[in-house]
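As structure tokens, the structure follows; a few thoughts come after it.
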2 protein chains.
Amino acid sequence: MAVTAKDVAEACGVSRITVNRALSGNENVKPETREKILKKAQEMGYVPNLIARSLVNGKSKMIGIVISDIKNLYFSEIVDAITRQARARGYMVCTCTHDSDCQEEKRLIEMMKGYCVDGMILNCVNRGGEFKDWLDKLNMKYVILGYQLLPESYTVGVNENKSVKDVVRFLKAHGYNKQVFVVPPLYGEDGRINIPHYQRASGFQEEAKKQGCDYHILYGNDTNEQALEFLKKNTGEKPVFLCTGEMFAIPMQKFLKKNGYRAPKDYGLMTYDRLMYRFWNEEAIAAVDNHVDQIGTSVANAVIDLIEEKEIPMNIEVPYDLEEGTSL
Amino acid sequence: MAVTAKDVAEACGVSRITVNRALSGNENVKPETREKILKKAQEMGYVPNLIARSLVNGKSKMIGIVISDIKNLYFSEIVDAITRQARARGYMVCTCTHDSDCQEEKRLIEMMKGYCVDGMILNCVNRGGEFKDWLDKLNMKYVILGYQLLPESYTVGVNENKSVKDVVRFLKAHGYNKQVFVVPPLYGEDGRINIPHYQRASGFQEEAKKQGCDYHILYGNDTNEQALEFLKKNTGEKPVFLCTGEMFAIPMQKFLKKNGYRAPKDYGLMTYDRLMYRFWNEEAIAAVDNHVDQIGTSVANAVIDLIEEKEIPMNIEVPYDLEEGTSL
DNA sequence: CTGAAAGCGCTTACAG
DNA sequence: CTGAAAGCGCTTACAG
């Protein structure tokens, strides 16, 4: 098997403790001995066994990430940011995906515990107090991806309720009084609610009402068609569509274009995130940029702070920006 | 800290060995004792410490993935496929990224060894015999992402030299005798060659010559402009551009469109991969589909087969498809 | 059916 | 400056 400290020790005619001391930079080693050990270790290709070290130290320097799907651009960008920040602070990252399967999520979290990760970052599909109790019983440190997503837990994310209110005012300031919020079904096939989308939808409603806007909500799996109907029937003011994601905004833009409606001539368009945008050099849709990389960096810092026993706020808000584009 | 087998044993008034036997499904435990142990373990939230197990078993059931950048769609798709296949075979995955930094790649590989991964999947930026020697000295199992990328190593990928020849014939069969290969600089800033692109370029040249095509190669950072010039000066036959990636093909298509040239009216267009395509519902560019998910599945299987001491071929070719689109 | 012993590779006191 | 001892949580023989 692999070369161990013991092998190096034998090759040098000293004890493994001395080898360890030399390698760890401890001062109490005779310079010549140290030299010899370092040289031999190098020669023999000695790499310390980190899991043995974990076992005795009680810390693994590993962070577990349990998310739904890494092919999703949102997550690949977050995982990238987490990986970088974790490495910068001396941690390695293990990622696994549960495809929004509640049972699988629990299995993976237990597995992460089994591997003794020092902390976990969760994009949890399980919800509510029962899950929270189950999680706490594991006695692990964890941070939830998503602002205030799980009660009484450490969370990191954008305050969706607040940001959408900014958007309403932003659009109003751009002269749009007729505002249409476009959102896919809030409830999944399993009957569970999509909390971030719900936070946006309810915030939109509150603020649009408050601002005296003529507001509407398009909801469901056929929002493209609904939007087209809306434009056809619309009289008077030009409306703006606020889509809850690029996955909806971009196809909608194409669909409407095919049917003779163009932004910003016939309607305004705004979306969330600019993840796909980086692949193209075309006109930008106005967007709420949630700075996904910052979310990743923040959540990595949060969980590492927890691990290192630093105090952090319960719910960390990551800032967002409203970005102009050519679609308003 | 966490609940150990010892804790469960004490709670049940038996030895930890008995606990272990009950939990591992060993038959030699009195049914009542087993019942009691299973119940207590469940109650106490016992999760076996997998790194302690790794230490004694000499295998961690972890696979290390060392790649350049997970934000790259190619890699996020591969990592996704690897993760799924690895889980299906009982392995967990640790991923880290080196941003094409040769030193960092070596550090990460050593770190993976330190964490006792049973095998590694590498998208290596280091090349050549010296690296190969260094790698082998670590005495780890590894598979390289990229067909025949590192000599005398297990590799998995598409046979680029072969596939591009198919493409040349495919385009010829579509009536294109004037073929233009579009490739970014083959040498990076660091002077190292991009082997897959080189394999494609040289295969293209060989086959185009053999087929008696009127062939050209556009090469560099301004291939959009070069393509436009080419079309402007072009007389006679309609050419086809074969781009080495969507990152080049899609912007080129847009650029040419802006300048009044459209595919397939004024030119033909073919590209590699359909990774971005899944985000859109627009017309498809004809493409060599490398089935990136299959590459991921294959490379996961390859490394796990190695770990489990099964025989596998040195270089595994993953099949590709030539996909029709609306651009030819 | 059950347990005491040895060991995986390391670290952390403690003794010389 | 150097080493023997104990222990992290588990598993694998071996003994009763």
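The values are calculated or read from the model by the stated rules, or taken from the named source; none is laboratory data. Since the structure is predicted, the reported quantities are computational estimates derived from the model, not experimental observations. Here the Cβ positions follow ideal geometry from the backbone for every residue, glycine too, while neighbour counts run over all protein chains shown. Just so you know, the surface numbers come from the protein's heavy atoms only, side chains and all, with ligands and any DNA or RNA stripped out. Shrake-Rupley method; radii C 1.70, N 1.55, O 1.52, S 1.80 Å.
Compute the long axis of helix B:102-114 from its Cα atoms, compare it with the longest principal axis of the Cα atoms of chain B, and write down the angle in degrees, 0 to 90, nearest 10.
Around 20 degrees separate the two axes.
Which distances, in nm and shortest first, link the A:Glu308 label point to the same label point in every other copy, taking 7 Å along Cα→Cβ?
Spelled out, the distances from A:Glu308's label point are 4.1 nm.
Considering every Cα-Cα pair within the protein assembly as shown, what fraction, in whole percent, is farther apart than 35 Å?
For the protein assembly as shown, the share of Cα pairs beyond 35 Å comes to 53 percent.
List the GluC sites (Glu not before Pro) within the range A:219-284 that fall in a DSSP loop (any state other than H, G, I, E or B) and whose Cβ has at most 13 other Cβ atoms within 10 Å.
A:Glu237, A:Glu282, A:Glu283
Using the Kirkwood radius over Cα pairs, work out the Stokes-Einstein diffusion coefficient for the range B:5-48 at 4 °C and 1.567 mPa s, in µm²/s as a whole number.
The diffusion coefficient I find is 132 µm²/s.
Per q in 0.09, 0.13, 0.22 1/Å, what log10 I(q)/I(0) does a Debye calculation on the alpha-carbon atoms of the range B:160-289 return?
Evaluating at q = 0.09, 0.13, 0.22 Å⁻¹ gives log10 I(q)/I(0) of -0.23, -0.50, -1.46.
Report, for A:Glu229, each distance to the same residue's label point in the other copies, shortest first and in nm; define the point 7 Å along Cα→Cβ.
From this label point to the equivalent ones elsewhere in the assembly: 5.4 nm.
What does the helix-only formula give at 222 nm for the protein assembly as shown: each DSSP H stretch with n ≥ 4 adding -39500 (n - 2.57), the total divided by the residues, and the result rounded to the nearest 500 deg cm²/dmol?
-14000 deg cm²/dmol
Where does helix B:246-258 land angle-wise versus the long Cα axis of chain B, in degrees 0 to 90, nearest 10?
The answer is roughly 30 degrees.
Out of the total accessible area of the range B:5-48 (probe 1.4 Å, heavy atoms of protein only), what percent is carbon and sulfur?
C and S atoms contribute 45 percent here.
Residues in the range A:124-157 near a label at A:Asn194, defined as backbone nitrogen under 16 Å from the 7 Å Cα→Cβ point?
It comes to A:124-126, A:146-147, nothing else.
Quick one: Cα convex hull volume of the range A:247-314, Å³ per residue?
Measuring per residue, one finds 105 Å³ for the Cα hull of the range A:247-314.
Can you list the GluC sites (Glu not before Pro) in the range A:123-211 that are in a DSSP coil and have 13 or fewer other beta carbons within 10 angstrom?
Counting only loop positions with at most 13 other Cβ atoms within 10 Å, the GluC sites (Glu not before Pro) in the range A:123-211 are A:Glu152, A:Glu189.
Using the 7 Å Cα-to-Cβ label point, sort the distances from B:Asp166 to its equivalents in the other copies shortest first and give them in nm to one decimal.
Reported distances to equivalent positions: 4.9 nm.
Cα centroid distance between the range B:161-192 and the range B:255-271, in Å?
Using only Cα atoms to place each centre, the spacing works out to 17 Å.
How long is chain B along each principal axis, judged by its Cα atoms, biggest number first, in Å?
91, 45, 33
Using DSSP to call loops (not H, G, I, E or B), can you name the GluC sites (Glu not before Pro) in the range A:1-90 whose Cβ has at most 11 other Cβ atoms within 10 angstrom?
Passing both the DSSP loop test and the Cβ count: A:Glu27.
Using the beta-carbon distance between B:Leu55 and A:Arg169 and R0 = 45 Å, what value does 1/(1 + (r/R0)^6) give for FRET efficiency, to the nearest 0.05?
0.20
Straight-line reach from B:Lys113: which lysines fall under 22 Å, measuring Cα to Cα and dropping same-chain residues less than 8 apart?
Here the lysines satisfying the reach criterion relative to B:Lys113 are A:Lys6, A:Lys39, A:Lys40, A:Lys59, A:Lys61, A:Lys113, B:Lys59, B:Lys61, B:Lys132, B:Lys137, B:Lys141, B:Lys310.
State which entries of B:Lys210/B:Lys265; A:Lys209/B:Lys71; A:Lys258/B:Lys162 exceed 31 angstrom in Cα-Cα distance in the structure shown.
Listed pairs above 31 Å: A:Lys209/B:Lys71; A:Lys258/B:Lys162.
Give me the summed buried accessible area for the B-A pair, 1.4 Å probe, to the nearest 100 Å².
By this definition, chains B and A bury close to 5200 Å².
Would you kindly compute the Cα radius of gyration of the range A:73-126 and its largest Cα-Cα separation (Dmax), both in Å?
Spelled out, the Cα radius of gyration and Dmax of the range A:73-126 are 11.7, 33 Å.
Quick one: dipole size for the range A:11-85, taken about the Cα centre, charges +1 on Lys/Arg Cβ and -1 on Asp/Glu Cβ, in debye to the nearest 20.
For this selection, approximately 380 debye.
Hey, what's the protein assembly as shown come to in accessible area per residue, 1.4 Å probe, Å²?
So the protein assembly as shown comes to 45 Å² accessible per residue, rounded to a whole number.
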